[in-house]
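Here the structure is laid out as structure tokens; the discussion comes afterwards.
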Amino acid sequence: MIGLLAWRNLWRNRRRTFITVASIMFAVVFANVMDALLSGINQQMTDSMVGIYSGHFQVQQQDFWEDKSLHNTFIPPKEAAGLLDTLPEVKGYTKRLESVALASAENLTRGVLVVGIEPDNEKRITGLEEKVQAGSYFHGNPGDAIIGKGLAEYLDIQPGDTLVMIGEGYHGASAAGKYHICGTIRMGSPDLDNNLVFLTLADAQFFFAAYGRVTSMPVFLKDNTIQKEVAQEISGVLPEGLITQPWQKMMPMATQSLGLIDAMRIIVLALLYLLISFSIFGTLIMMANERLLEFRVLLAIGMQKTKMGAMVLLESVSLAILGAALGFLASYPVVTYLNEYPITFKGRAAQGWESFGIDPVMPTIVDFSMFAMHSAVILVISALLSVYALNKIRNLEVVPAKK
Amino acid sequence: MKVIETRNLSKIYNPDKVPVHALNGVNLAIERGEFTAIVGPSGSGKTTLLNIIGGLDNPTSGSVVVEGTEIAKLEGNALINFRLHNIGFVFQAYNLIPVLTAKENVEFVMLLQTRPKGEREARVIALLEAVGLSDKTDKRPSELSGGQQQRVAVARALASKPKFVLADEPTANLDSISAENLLDIMLKLNQEENMTFIFSTHDARVIRRARRVVTLEDGRIKKDLVQNEVSINF
Ligand SMILES: Nc1ncnc2c1ncn2[C@@H]1O[C@H](COP(=O)(O)OP(=O)(O)O)[C@@H](O)[C@H]1O
Ligand SMILES: [Mg+2]
């Protein structure tokens, strides 16, 4: 009986039912697209930022992050390398040896960060070659060095010139070497550009007398969502004293700005929910008030308030379920489309993104649990808003007091 | 046998602002099978009296006893259920549930009473037949005339097998032919089913049909007459 009444009541004002269902549906679609897009941007930024240099996590000696000295280097464990080669989520990994030295050309000297790299891996995974500004990338000639653009300007040298470095090697050995500058590079961060010297891993190990040793093994994943799981799996095979260091710890600034985007996402969604709430609430107020006379008659002839409440709840929840379900279904094609044909920034906006090393193409994330979440939230909002109508019924009297 | 008895019934609206004394010590007893009109000018307290007798409103003082039950003492669901099982209501307008058909409207109270399907269906047919609407069973209220809607309301009022039917100006929105027709039907049900009717009106032609006429003035019973020459034409 209550079901029949609720059903008929929904058909009573078809246009309003339609508008309400449609607005709930669009709200769900909008929330889903919004979230898919912003999560996509977030992920894109994350993947771009970690993809440039740090990797999603690095295998390090456990004290390295606090004390970046050559004491905290390690010999890459075979088990980890073997596992990394087989995991399908891993896009690639590489090895680096980094420490400080003094670099000089003619009579100018500056403290530098020497990073020994595997040229082919870096080229393939981080696209390091594309960042070379002048000269060329490593071509297998021992003694080649690529230096930061700012450092080159400071030292007033260019590709073809010679760079002399001295420093302290592993176990206090003294380090000295003479290198041929094959290129200059622009990493985007002034800090790096003013201080960076890339050598091949072998040259760096020789320079620091740290034969076979590295300071880090950056691991690059297909995307950031699986970071924890993969890191955990790798940790499982690492020998005592080695850890996996997540990018969030290594790049606190980036972590913060991504947190900001996330906060923005939540604010936008909250505003959206607020808007939807008003629309649903408006409908409920109309529905409840225009039927007060009818409710009074029902109460007079002996319908219990709980039954009336159940009827009204059933009506509003059916509207919400219908709207949320349609929204859920409609979100899929929209979000999938934006995944396949992503929103692409052009012109100055694109330059802005690119200057941070971020691809200006923003694919959405197609995630059903996200769809379900927003549909459920809107369902709950509708149910909560029906409290208004329920309260009207609770306080209903057949003979209202005249004002 | 007394179906209803009011004792010294008073009602004051807005006691703290500008008090309105709608009823002033009404003592009224209604016997089973009576067909009583409550008459009086607008504002004399007819609606207030019927509402209080029907348990839709509370008296300020005094009591209403329906077959031994003091209804002012009932509250919440007890009161709602008392109305459901003991009192039939016909209001001036907006009686029917707009989304239900004539048949469903009549059946509705029996559903609330959880009567078995067979009984419900038989009674719906009998009642709609009695009010002359056998051919309109599947029409919604909006497809019926005002008079037909009131007849459905009368059928619904009887469907719950109440102890009495209260009708507050049931003919106020009807033309005179429909009004007389409705009264004929009520009178017929009164005689055939021995159903007690109490209705308010200020329509002279309706008053003529009543067996007993209680006249209210300023919330007091002014006259209480039993009429002999009631004209019945069916
Ligand atoms: N809900 C109410 N609040 C305040 N005053 C009311 C209310 N209902 C009726 N009254 C007042 O009580 C008096 C009796 O009204 P009512 O019972 O409706 O008379 P009738 O039905 O005979 O026209 C009138 O003066 C009316 O204005
Ligand atoms: Mg009245």
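Just so you know, all these numbers are worked out from the coordinates, no wet-lab data involved. This is a predicted model, so every value here is computed, not measured. Glycine also receives a Cβ, built like all others from the backbone with ideal geometry; neighbour counts cover every protein chain displayed.
Other chains near B:153-160: what is the mean number of their Cβ atoms within 10 Å of each residue's Cβ?
1
I'd like the orientation of helix B:176-192 relative to chain B: the angle between its Cα long axis and the longest Cα principal axis, in ° from 0 to 90, rounded to 10.
90 degrees
In the range A:50-109, which GluC sites (Glu not before Pro) fall in coil by DSSP and have 14 or fewer other Cβ atoms within 10 Å?
Those that pass, being in a loop and sparsely packed, are A:66, A:106.
Which distance in Å, rounded to a whole number, links the C-alpha centroids of the range A:259-337 and the range A:357-376?
Cα centroid of the range A:259-337 versus Cα centroid of the range A:357-376: 25 Å apart.
Only sites in a loop by DSSP and with at most 10 other Cβ atoms within 10 Å count here; which GluC sites (Glu not before Pro) in the range B:68-106 make the cut?
Hits after loop and neighbour filter: B:75.
Within the set B:2/B:117; A:178/A:228; A:91/A:249, which residue pairs have Cα atoms separated by over 30 Å?
Values: B:2/B:117 32 Å; A:178/A:228 42 Å; A:91/A:249 21 Å.
Where the Cα-Cα span goes over 30 Å, the pairs concerned are B:2/B:117; A:178/A:228.
For the residue pair residue A:395 and residue B:226, what label-to-label distance in nm results when each label sits 7 Å from Cα along the Cα-to-beta-carbon direction?
4.9 nm
Which whole-Hz couplings ³J(HN,Hα) result when phi for each residue of the range A:338-353 is put into the Karplus expression 6.51 cos²θ - 1.76 cosθ + 1.60, θ = phi - 60°, listed in order with x for Gly and Pro?
6, 7, 7, 10, x, 5, 10, 7, 10, x, 5, 4, 5, 4, x, 4
Can you give me the relative contact order of chain A as a percent, contacts being Cα pairs under 8 Å and 6 or more apart? Please list the in-between numbers first.
Working: 662 pairs, mean separation 111.3, N = 403.
Rounded, it is 28 percent for chain A.
Quote the relative contact order of the range B:87-176 in percent (integer), defining contacts as alpha-carbon pairs under 8 Å separated by 6+ residues. Walk me through the numbers before you get to the answer.
Numbers: 127 pairs, mean separation 47.8, N = 90.
Computed over the range B:87-176, the figure is 53 percent.
Looking at the square roots a ≥ b ≥ c of the eigenvalues of the Cα gyration tensor of the protein assembly as shown, which shape do they give, rounded for a/c under 1.5, prolate if a/b is larger than b/c, or oblate?
prolate
Add +1 for every Lys or Arg and -1 for every Asp or Glu among the other residues with Cβ under 12 Å from the Cβ of residue A:364, and state the total.
-3
Helix B:102-112: angle to the longest alpha-carbon principal axis of chain B, degrees 0 to 90, nearest 10?
Rounded to the nearest ten degrees, it is 60.
What lysines sit close enough to residue A:305 to cross-link, taking a C-alpha to C-alpha distance under 21 Å and skipping anything fewer than 8 places away on the same chain?
A:392, B:73
Just grab the label-to-label distance for residue A:85 and residue A:340, each label 7 Å out from Cα along the Cβ direction, in nm (one decimal).
If labels sit at residue A:85 and residue A:340, their model points lie 3.8 nm apart.
When a footprinting reagent is the concern and you count Cβ atoms within 10 Å, what order do A:18, B:35 take, fewest first?
A:18, B:35
Quick one: order B:21, A:139, A:71 by neighbouring beta-carbon count within 10 Å, fewest to most.
A:139, A:71, B:21
Which whole-number percentage describes the relative contact order of the range A:56-246, with Cα contacts under 8 Å and a sequence gap of 6 or more?
36 percent
Treating only the Cβ atoms of Lys and Arg (+1) and Asp and Glu (-1) as charged, compute the dipole magnitude of the protein assembly as shown about its Cα centre; round to the nearest 20 debye.
Charge dipole, the protein assembly as shown, about its Cα centre: 3780 debye, nearest 20.
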